[in-house]
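Read the structure below first, then the notes.
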Amino acid sequence: MTLPKTMKCLVKAKAEKGLWLEQRPVPEIEPDEVLIKVERTAICGTDMHIYKWDDWAKNNVLVGLITGHEYSGHVAAVGSGVRRVDVGQKVTGEGHVVGNRSRNARAGRFHLDPDTKGIGVNLPGAFAEYLALPEFNVIPLKDDVPLEIGAIMDPLGNAVHTALSFDLVGEDVLITGAGPIGIMAAAVAEEAGARRVVLTDINDWRLEFASKVAPKTRLVNVINENLRDVMTEIGMNEGFDVGLEMSGAEPAFNQMLDHMIMGGNIAMLGIPAKPFPVDFGKIVGKALTVRGIYGRQMYETWYKMIALLDSGLDVSAMITHRFEARDFQKAFDLMETGKTGKVILDWNAI
Ligand SMILES: [Zn+2]
């Protein structure tokens with residue numbers, strides 16, 4: 001197969017709201033890299049920050065970057081040193097490209113490497129016809145995994161990594177924040193053997209949508225319902241054994257602290273927009289463990305995620321909209337309404 005010289009891609013071309021469809025050279029690959037023909041991408045909250053050009057984006061992203069980090073496709077070419085991946089294979093990939101110098105990287109704790117760079121944040125991204133990726137980061141997919149599921153495995157990995165931080169078998173689980181990762185974490189907790197799963201938010205649309213993806217989860221709008229009453233209704237007489245904080249919101253975290261069991265475990269993935277005070281007396285008094293979660297474990301989370309999908313975890317209802325990549329503006333406009341699950345762009349016909 002001869003590769004084209006140029007490709008279409010979505011670029012943060014100006015320091016203002018928007019993304020721009022541009023023509024760029026197809027990336028050259030190093031001996032240890034793989035060239036992926038991108039076929040489906042999904043839009044992430046991170047992409048929305050970059051699209052809107054908010055303070056976080058201004059401080060973390062350079063103008064001129066090709067954006068996007070949730071994708072799937074087939075291998076178009078491999079570097080001379082690549083052994084594990086073949087041309088033609090269906091793949092997705094880990095978006096965190098790690099170094100090999102830090103203590104954590106040398107110890108195999110790649111997800112904790114401080115030299116990590118992100119595809120579509122610090123490195124050229126996947127909203128493009130072609131993406132160059134280190135072989136180390138490439139995740140082969142079986143033929144029965146749909147391309148669009150491959151394109152949402154990056155956020156599914158966040159959900160799996162957070163949900164599986166603590167043993168869930170027979171446990172009562174509180175998830176605060178019904179964004180895509182919170183909703184997928186509820187589905188994972190159901191699949192992983194939790195007894196009761198409760199998902200809270202203050203947005204009725206999100207909770208209604210969550211019921212399609214995590215049908216056994218008790219959904220609570222904490223503006224209208226009292227969490228303590230819900231616990232009584234579902235047969236809980238103490239507190240939640242495991243908390244998964246996905247919102248980054250101060251009231252949600254405080255409510256979680258107040259409804260945990262003595263000795264309970266909290267995993268925090270939500271990033272607060274600004275610092276907020278925490279009553280550490282409650283953490284000490286209840287003997288709670290609070291663990292911060294970042295990214296995914298390389299590559300144990302990917303193994304677990306593929307195994308969960310293989311054994312019946314179904315997150316296909318997460319995908320609510322599909323657009324041709326050339327219609328990206330419609331997709332970003334829709335994402336801004338907040339009334340979407342995952343939105344997929346198809347790059348095959350661009
Ligand atoms: Zn993402």
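The values are calculated or read from the model by the stated rules, or taken from the named source; none is laboratory data. No experiment lies behind these values; they were computed from the predicted model shown. Ideal geometry is used to build each Cβ from the backbone, glycine not excepted, and the neighbour counts take in all protein chains shown.
Quick one: would you say V121 is among the aliphatic types (A, V, I, L, M), surrounded by 16 or more Cβ atoms within 10 Å (Cβ to Cβ) and away from the ligand (no atom under 16 Å from the Cβ)? Considered against the rule, which asks whether it is among the aliphatic types (A, V, I, L, M), surrounded by 16 or more Cβ atoms within 10 Å (Cβ to Cβ) and away from the ligand (no atom under 16 Å from the Cβ), V121 comes out as no. Say we look at segment 46-69 and pick out the residues that are outside any loop (DSSP other than H, G, I, E, B) and of a type in the set (D, E); which of these is farthest from the ligand (Cβ to nearest atom)? Top of the filtered list is D55. Only a single criterion out of (1) crowded, with 24+ Cβ neighbours inside 10 Å; (2) touching a Phe, Trp or Tyr at 6+ places or on another chain (Cβ under 9 Å) is not satisfied by I181, namely (2). No other residue among K342, K330, K304 is assigned by TED's automatic domain parsing to the domain that holds R109 and within 22 Å of G93 (Cα to Cα) apart from K342.
Residue-level analysis places A13 outside the set of residues that are more than 14 Å from A132 (Cβ to Cβ), outside any strand (DSSP E or B), within 16 Å of the ligand (Cβ to nearest atom) and of a type in the set (A, V, I, L, M, F, W, C). Scanning segment 330-350 for residues that are at negative phi and out of contact with any strand residue (DSSP E or B) (no Cβ under 9 Å at 6 or more places or on another chain) gives D333, E336, T337.
Of all the listed residues (L133, L174), the sole one being crowded, with 20+ Cβ neighbours inside 10 Å, touching a residue at least 24 places away in the same chain (Cβ under 8 Å) and under 26 Å from K339 (Cβ atoms) is L174. Residues of segment 84-101 that are more than 16 Å from the ligand (Cβ to nearest atom), small (G, A, S) and within 23 Å of T46 (Cβ to Cβ): G99 alone. Of all the residues in segment 272-298, those that are part of a loop (DSSP other than H, G, I, E, B) and within 23 Å of the chain's Cα centre (by Cα) number 10. Applying the criterion of being basic (K, R) and touching a strand residue (DSSP E or B) at 6+ places or on another chain (Cβ under 9 Å) to the residues of segment 272-296, the residue that is surrounded by the most Cβ atoms within 10 Å (Cβ to Cβ) is R296.
Each residue in segment 146-160 was checked for being away from the ligand (no atom under 14 Å from the Cβ) and touching an Asp or Glu at 6+ places or on another chain (Cβ under 9 Å), and 2 pass. In segment 21-45, the qualifying residues are those that are in a strand (DSSP E or B), touching a Leu at 6+ places or on another chain (Cβ under 7 Å) and more than 16 Å from the ligand (Cβ to nearest atom), and the one that is farthest from L3 (Cα to Cα) is L21.
Of the residues making up segment 219-271, those that are surrounded by fewer than 18 Cβ atoms within 10 Å (Cβ to Cβ) and in a strand (DSSP E or B) are N221, M262, G263. Of the listed requirements (1) modelled with pLDDT of 95 or more; (2) not in a strand (DSSP E or B); (3) not small (G, A, S), H74 misses just one: (2). If the condition is being over 17 Å from the mean Cα position of the chain (by Cα), in a helix (DSSP H, G or I) and of a type in the set (D, E, K, R), then segment 114-153 contributes only E135.
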